Amino acid sequence: MVTHDPLFQTSFSIIYSISISFIAIAIFLAMASHGSNVISGNSEIKRQMTRCSEKFIRLSPSLSAMQVFNFLFENVMKTDMVVTGGGIFVINHGLILTIASVMTTYSVLILQLDQT
């Protein structure tokens, strides 16, 4: 295995590996947190848009202004804003638990296969 190589046993390589691991975990947690904030911000925008539409209708706008506002309203309501990983999966707090369970499963498999 690579970890038994003497080049990887130096203090610099160990400190470097640990620091890179901590940075990667911090970036992942920040992405998950901000991804969840985007989802909650999306629902807040939809709520504010509904509130603005009620105020807008009370002003009795012209037909062209009403069409533009209706177009904007429909686009905002139909669009779901989420942070994704290449459009394949949504990045939010639930992703942390999913990755933790996958890592635990693979760790158990590696330990079991390594014992033979």
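All of the numbers you see were taken from the coordinates with simple rules; none came from a lab. Fair warning: this is a prediction, and the values are worked out from it, not measured in the lab. All Cβ positions, even for glycine, are placed from backbone atoms using ideal geometry, and neighbour counts span all protein chains on display.
A simple spin-label model places the labels of S101 and N42 2.1 nm from each other, with each point 7 Å out along Cα-to-Cβ. This structure gives Rg and Dmax of the Cα atoms in Å, computed directly, and of [x] 18.4, 53; [y] 24.5, 78; [z] 14.1, 44 that value is listed as [y].
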